[in-house]
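Q: There's a structure below that I have some questions on.
The values are calculated or read from the model by the stated rules, or taken from the named source; none is laboratory data. The structure presented is a predicted model; accordingly, all values stated were derived computationally and were not measured. Counting neighbours? That spans all protein chains shown, and the Cβs are built from the backbone with ideal geometry, glycine included. Areas reflect the complete protein model, heavy atoms only, side chains present, ligands, DNA and RNA absent. Shrake-Rupley method; radii C 1.70, N 1.55, O 1.52, S 1.80 Å.
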Amino acid sequence: MTKTAAIYGQLPKNLGRFDFPTDEMMFWLYCPVSLPGDTGFTLPKNLAKFAELLVIVREDCRERWEGSYVYLTAKTMFVSPGSPGNRLGWHADGFLTDDLNYIWSDRNPTLFYLPERPLAFTQDHKLALSEMETAASEDDWHVCQSNPCDLLRLDQTVLHAVNPRVMPGVRTFLKVSVSNEPYVLKGNSINHALNHPRPIEARQLERNHPQGMMV
């Protein structure tokens, strides 16, 4: 099968340290907050406290914002070694796309794999996941951890994973996703104030691509 260019294993962009509200248990998954043509954003009342996060992201990707679908994931939940809050395993958000993802957490920060040289992977979602897992697992000298409360921008070249060494407690994880295509997996949160396509794609047991393609 065809390989990608050798571009994988880059650092995320660090936008700085921020404190966002973490005072309410919640689980919002890919809630649409802005549609193509919008210059602003529309937040459900429960997510209004994260307006500052959206302002920061919009400023950072101003050239992309108005033409994109923008989503907010917000999880405040109790995590433990058996339930870390996100799916385990090495991966690249938006593999084979130009999606941008901004992530923030207040504890158990994300791990990143930074190989000595950029890597290439098979242009197949399932095979590439296996290749990423193998590469990072066999080269743990080049795995580093981000800092709590840092806001990080990831594109598809950033290899990362949930930290399996979980400190039990309440953790907030925030993610803003910017994409040219709508995210349509069943179970995604619905913003009833926006005319976004309804989620219709079935979720799989394996890792899912938010646009409905298996990864």
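Q: When you scan region 91-112, how many residues do you find that are assigned to a strand (DSSP E or B) and of a type in the set (Gly, Ala, Ser)?
A: 1
Q: With under 22 Å from Cys149 (Cβ atoms) and assigned to a helix (DSSP H, G or I) as the only criterion, which of Phe27, Phe50 stands out? Break it down stepwise before answering.
A: On the way: Phe27 fails: assigned to a helix (DSSP H, G or I).
On inspection, the qualifying residue turns out to be Phe50.
Q: Sticking with this structure for a sec: For Tyr8, indicate whether it is among the hydroxyl-bearing types (Ser, Thr, Tyr), within 21 Å of Arg171 (Cα to Cα) and in contact with a Phe, Trp or Tyr (Cβ under 7 Å, 6 or more places away or on another chain).
A: Against the criterion (among the hydroxyl-bearing types (Ser, Thr, Tyr), within 21 Å of Arg171 (Cα to Cα) and in contact with a Phe, Trp or Tyr (Cβ under 7 Å, 6 or more places away or on another chain)), Tyr8 does not qualify.
Q: List the residue pairs whose Cβ atoms are under 6 Å apart, where the first residue sits in region 59-75 and is basic (Lys, Arg), the second is at pLDDT 95 or above and surrounded by 21 or more Cβ atoms within 10 Å (Cβ to Cβ), and the two are 6 or more positions apart or on different chains.
A: Arg64/Val178; Lys75/Phe173
Q: Whether any residue in region 116-126 is under 17 Å from Thr4 (Cα atoms), part of a helix (DSSP H, G or I) and either at pLDDT below 95 or of a type in the set (Gly, Ala, Ser) (or both) is what I want to check.
A: Scanning region 116-126 turns up at least one residue that is under 17 Å from Thr4 (Cα atoms), part of a helix (DSSP H, G or I) and either at pLDDT below 95 or of a type in the set (Gly, Ala, Ser) (or both).
Q: Which numbered condition trips up His160, out of (1) assigned to a strand (DSSP E or B); (2) within 19 Å of Leu47 (Cβ to Cβ)?
A: With (1) assigned to a strand (DSSP E or B); (2) within 19 Å of Leu47 (Cβ to Cβ) applied to His160, the lone miss is (2).
Q: Right, another one. Between a residue in region 165-193 that is under 15 Å from Thr110 (Cα atoms) and any residue that is open to solvent by 30 Å² or more (accessible area, probe 1.4 Å) and β-branched (Val, Ile, Thr), which pairs come within a Cβ distance under 6 Å, given they are 6 or more apart or on different chains?
A: Thr172/Thr22
Q: Check Phe20 against each of (1) in a loop (DSSP other than H, G, I, E, B); (2) under 18 Å from the mean Cα position of the chain (by Cα); (3) closer than 24 Å to His125 by Cβ; (4) among the hydrophobic types (A, V, I, L, M, F, W, C) and name the one condition it does not meet.
A: Phe20 satisfies all of (1) in a loop (DSSP other than H, G, I, E, B); (2) under 18 Å from the mean Cα position of the chain (by Cα); (3) closer than 24 Å to His125 by Cβ; (4) among the hydrophobic types (A, V, I, L, M, F, W, C) except (3).
Q: Could I ask something else about it? Out of everything in region 132-141 that is open to solvent by 50 Å² or more (accessible area, probe 1.4 Å) and modelled with pLDDT of 95 or more, what residue ends up being nearest to Phe173 (Cα to Cα)?
A: Only one residue fits best here, namely Glu133.
Q: Any residue in region 40-58 that is touching an Asp or Glu at 6+ places or on another chain (Cβ under 9 Å) and under 19 Å from Gly187 (Cβ atoms)?
A: Scanning region 40-58 turns up at least one residue that is touching an Asp or Glu at 6+ places or on another chain (Cβ under 9 Å) and under 19 Å from Gly187 (Cβ atoms).
Residues checked against (1) surrounded by 13 or more Cβ atoms within 10 Å (Cβ to Cβ); (2) in contact with a helix residue (DSSP H, G or I) (Cβ under 9 Å, 6 or more places away or on another chain); (3) under 25 Å from Arg107 (Cα atoms):
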residue: Thr2; (1), (2), (3): no, no, no
residue: Gln10; (1), (2), (3): yes, no, yes
residue: Asn14; (1), (2), (3): no, no, yes
residue: Arg17; (1), (2), (3): no, no, yes
residue: Pro21; (1), (2), (3): yes, yes, yes
residue: Trp28; (1), (2), (3): yes, yes, yes
residue: Phe41; (1), (2), (3): yes, yes, no
residue: Leu53; (1), (2), (3): yes, no, yes
residue: Val57; (1), (2), (3): yes, yes, yes
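Q: Next question. Select from region 54-90 the residues that are part of a helix (DSSP H, G or I) and touching a Phe, Trp or Tyr at 6+ places or on another chain (Cβ under 6 Å) and write down the one among them that is nearest to Ser137 (Cα to Cα). It would help to see each step written out before you state the result.
A: The first filter runs over region 54-90 and keeps only residues part of a helix (DSSP H, G or I), leaving 54-60, 62-65.
Next cut, touching a Phe, Trp or Tyr at 6+ places or on another chain (Cβ under 6 Å) only: 54, 57-58.
Values: Leu54: 34, Val57: 32, Arg58: 35 Å.
Once the filter is applied, the top-ranked residue is Val57.
Q: Identify, please: which residue in region 163-183 is in a loop (DSSP other than H, G, I, E, B) and of a type in the set (D, E, K, R) and is, among those, farthest from the chain's Cα centre (by Cα)?
A: By that ranking, first place goes to Arg165.
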